[in-house]
Amino acid sequence: MAEVLGLVDRRIYENLARALLAGDLAGCLEIFEQGQAAGMDLKRFASDLLGFFRSLLIAKVKASPEELLDISDQELAAIKDIAAGASQETLYQYFSLLLKGSEEMQYSSRPRLALEMAFVRATQAGQIVPAATLLGRLDGLLAGAAPLAQGGGRAGFSAVSTAEPEPNAPRAIPRAPLAAPSSGSLPAQKKNEITSAPASLSEHARALPPVAMASPPGREVKRDWEAFIEYVKARKRWMAPVLQLCAMARDEGSELVLKFDDPSDCKLLQEHDNLKLLQSFALDFFQHDFRVVFRVRGAQAVEEGGGNEAEDLLVERRVLANDPMVQMTAEIFGGQVGSIRTGTK
């Protein structure tokens, strides 16, 4: 009767879920082939597999999942066991990938191929690590790199000075020894010129008034903006990509005005601690006590007209996706940003 109705043993979903979470693509395809050989209906199979991953999510987030799941005690125990070995983010990612594959299968001329490709994407996604854990690892890497940079280099390598030479410092040039004349002696006039020339030069130098060493010219915001970004990057890596989004930086006396086209681009810099840190960087680099001011194109219109909830949600998701820490973390660990969920903090 099960073969006639296209049904399969419920344990096949348990085995398939374990293989997917373990990244065992060969095992997934083998289990899927066994179900095909048993005469299962593809649409029913995909629907039941999604339902199984929904049960895993419920078992992960709810203390008493049996209140929402109408399943046997044996199946509930297996679901709890599988859910305990994966994070909530991982289960949600797998559910999203399988849901997308199931929707593609509905309109595909080759539904089996579409579902198999969903398995491939799911196994390649790997285990999702929470953002807090990734940021902790990143802080550990940056903390480990700081002592190495301050250690002065390895033993056996001489330190290289990066200080610029003084502009007016005299440079000693070795004089080549004069060749002895082959015959006779120099005329008296030549001797007098040779011996009196250094003396006259030294007397002329003593007669001149002492020249004050010219101080290096101050840095200009517009001219040295790229150099300032590199300076910030060496001290606060995530802040440099945000400063590169600045449309224009201008010195207005006591204010360093940074213009942005999108309010979300400078939202992170406007936080109190980050703003204070940015002002200290500007003081150290430009040698001027700037007050950093942000100006956003169209900010006044937004304040006057307000906004609706949907637009605010889109802006918040774009801010999260373009967050420098998120982009740098994804680049370091070779990952990618999937779905973005927002909520109360």
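The values are calculated or read from the model by the stated rules, or taken from the named source; none is laboratory data. This one's a predicted model, so the numbers in the text were calculated from it and none came from an experiment. Counting neighbours? That spans all protein chains shown, and the Cβs are built from the backbone with ideal geometry, glycine included.
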Can you pull out every residue in the stretch 60-83 that is over 14 Å from E14 (Cα atoms) and touching a helix residue (DSSP H, G or I) at 6+ places or on another chain (Cβ under 8 Å)?
K60, V61, P65, E66, L68, L69
Per the list (1) surrounded by 14 or more Cβ atoms within 10 Å (Cβ to Cβ); (2) in a helix (DSSP H, G or I), residue check on M40 breaks on (2)
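Suppose we filter R110, R121 for residues that are surrounded by fewer than 18 Cβ atoms within 10 Å (Cβ to Cβ) and in contact with a helix residue (DSSP H, G or I) (Cβ under 8 Å, 6 or more places away or on another chain); which single one remains? Break it down into steps so the answer makes sense when it comes.
Working: R110 fails: in contact with a helix residue (DSSP H, G or I) (Cβ under 8 Å, 6 or more places away or on another chain).
Going through R110, R121 in turn, the sole match is R121.
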Could you give every pair whose Cβ atoms fall below 8 Å, whose first residue belongs to the stretch 21-34 and is of a type in the set (D, E), and whose second residue is part of a helix (DSSP H, G or I) and at pLDDT below 90, counting only separations of at least 6 or pairs across chains?
D24/T123
Check whether at least one residue in the stretch 65-78 is in a helix (DSSP H, G or I), buried (at least 19 other Cβ atoms within 10 Å of the Cβ) and in contact with a Lys or Arg (Cβ under 6 Å, 6 or more places away or on another chain), and report yes or no.
no
